[in-house]
Amino acid sequence: MTAEPSSSSAPDPVSLGRWMERHVPGFQGPVTAAPLSGGQSNPTFRLAAPSGDYVLRRKPLGTLLASAHMVEREFRVVAALAGTGVPVPHVHALCEDPAVIGSTFYVMDFVPGRVFMDPRLPGLSPAERAGIFDSMNEVIARLHGVDPIAVGLADYGRPANYMQRQFARWSKQYRLSETVPIPAMDRLIEWLPGRLPDRDEVRIVHGDLRLDNMLIHPTEPRVVAVLDWELSTLGDPLSDFANNTLAWWLTPDVFRGLDGVDLATLGIPAAAEYVAAYNRRTGRQPGPAWDTPAWDTPDWDTYVAFNLFRLAAIVQGIAKRSLDGTASDPGAAALGRMATPIAEAGWRVASKLG
């Protein structure tokens with residue numbers, strides 16, 4: 001009996017090559033594929049061919065949760081952001097025919113660069129660390145300055161009730177992927193609904209703005225591409241930015257955090273400095289929700305608590321895929337075990353607000 005291919009199996013090079021000949025300008029085969037590290041959600045492959053190097057992102061094989069692994073949305077938003085100043089790879093084509101390699105996928109240019117999984121950035125100088133964090137902050141501010149209507153993304157999401165809809169979505173996804181009871185998640189699911197901010201500012205939000213979703217120049221301390229746009233939509237940019245700050249709320253042994261780290265010695269900005277830089281770049285003026293220190297206000301803490309809840313729900317989904325055998329990364333099981341401490345960090349933030 002022939003075994004079913006796993007989610008991380010390389011795509012059939014013959015079928016893929018025929019498709020690329022028709023849809024990727026300038027492509028010359030044959031093509032070979034090798035898995036790229038990371039890509040917990042959607043399997044990612046580096047493609048090599050005589051015409052150059054490319055990257056392929058595809059949905060996992062097998063049964064998937066509704067609205068998960070939306071590589072179609074990744075393709076659309078990355079294509080729309082070309083020329084905006086937000087660094088993204090050039091995308092070539094989307095294939096929604098599962099007969100080609102077994103699931104929906106798209107192909108984009110390969111961008112040389114470094115991926116740092118640890119926000120402490122071991123091995124770099126303090127100046128390099130400071131430069132990378134400053135570049136990341138600038139790129140996020142630039143993204144949140146893009147007018148969705150101007151780039152053809154007016155219908156990319158429903159602008160109203162963003163936080164409430166996000167909460168409903170991730171509560172449902174969490175319950176669908178729940179494997180063991182997590183009391184902190186139950187408390188957050190009860191606590192959050194009546195406290196979510198309701199702002200009318202609508203921008204393109206990435207949805208997963210971690211450092212390891214930023215490609216850093218091979219030798220310079222700057223972001224050359226923002227990756228993994230699967231969770232992007234239209235929504236509240238402050239929630240998106242709060243998601244980017246979660247490292248300051250988690251310890252290094254819990255999802256690669258910065259809490260308890262000697263930031264000054266490393267050259268990494270303190271949370272207050274990082275938030276102030278974003279406020280300056282986005283033109284935000286101090287107000288009731290942004291008095292110093294910014295993260296001590298009720299709205300900011302709620303954004304942080306919500307994003308920790310959301311991260312725990314995402315990690316729980318990885319745990320479920322690991323149990324089901326559809327996770328794309330061999331470290332998925334270990335990562336999935338982080339759902340509980342992430343949720344507990346979220347409840348600690350929420351508990352301060354009563």
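The values are calculated or read from the model by the stated rules, or taken from the named source; none is laboratory data. Quick caveat: nothing in here was measured; it's all calculated off a predicted structure. A quick note on method: Cβ atoms are made from the backbone with ideal geometry, for glycine too, and the neighbour counts reach across all protein chains shown.
Of note:
- Failed item in (1) assigned to a loop (DSSP other than H, G, I, E, B); (2) of a type outside the set (F, W, Y); (3) out of contact with any Phe, Trp or Tyr (no Cβ under 8 Å at 6 or more places or on another chain); (4) more than 18 Å from F255 (Cβ to Cβ), with V224 passing the rest: (1)
Residue by residue, here is whether (1) of a type in the set (A, V, I, L, M, F, W, C); (2) free of Cβ contacts under 8 Å to residues at least 40 places away in the same chain holds:
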residue	(1), (2)
I149	yes, yes
R158	no, no
A168	yes, yes
P197	no, no
E201	no, yes
L215	yes, no
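- Residue within segment 251-262 that is modelled with pLDDT of 90 or more, among the polar types (S, T, N, Q) and part of a loop (DSSP other than H, G, I, E, B) present: yes
- Filter result for G194 (modelled with pLDDT under 95, of a type outside the set (D, E) and not in a helix (DSSP H, G or I)): no
- Residues considered: R120, R129, R175. Of these, the only one that is closer than 22 Å to L231 by Cα and either assigned to a helix (DSSP H, G or I) or in contact with a helix residue (DSSP H, G or I) (Cβ under 7 Å, 6 or more places away or on another chain) (or both) is R175.
- Complete set of residues in segment 105-129 that are surrounded by 18 or more Cβ atoms within 10 Å (Cβ to Cβ) and more than 19 Å from the chain's Cα centre (by Cα): L124, R129
- Verdict on A154 being in contact with a Pro (Cβ under 8 Å, 6 or more places away or on another chain), in a loop (DSSP other than H, G, I, E, B) and over 30 Å from P269 (Cα atoms): yes
- Of all residues in segment 105-151, those being of a type in the set (S, T, Y) and out of contact with any Lys or Arg (no Cβ under 9 Å at 6 or more places or on another chain) number 1.
- Answer from V202, V180 - the residue that is in contact with a Leu (Cβ under 7 Å, 6 or more places away or on another chain), more than 23 Å from G257 (Cα to Cα) and not acidic (D, E): V202
- Count of segment 35-49 residues which are more than 13 Å from V24 (Cα to Cα) and modelled with pLDDT of 80 or more: 8
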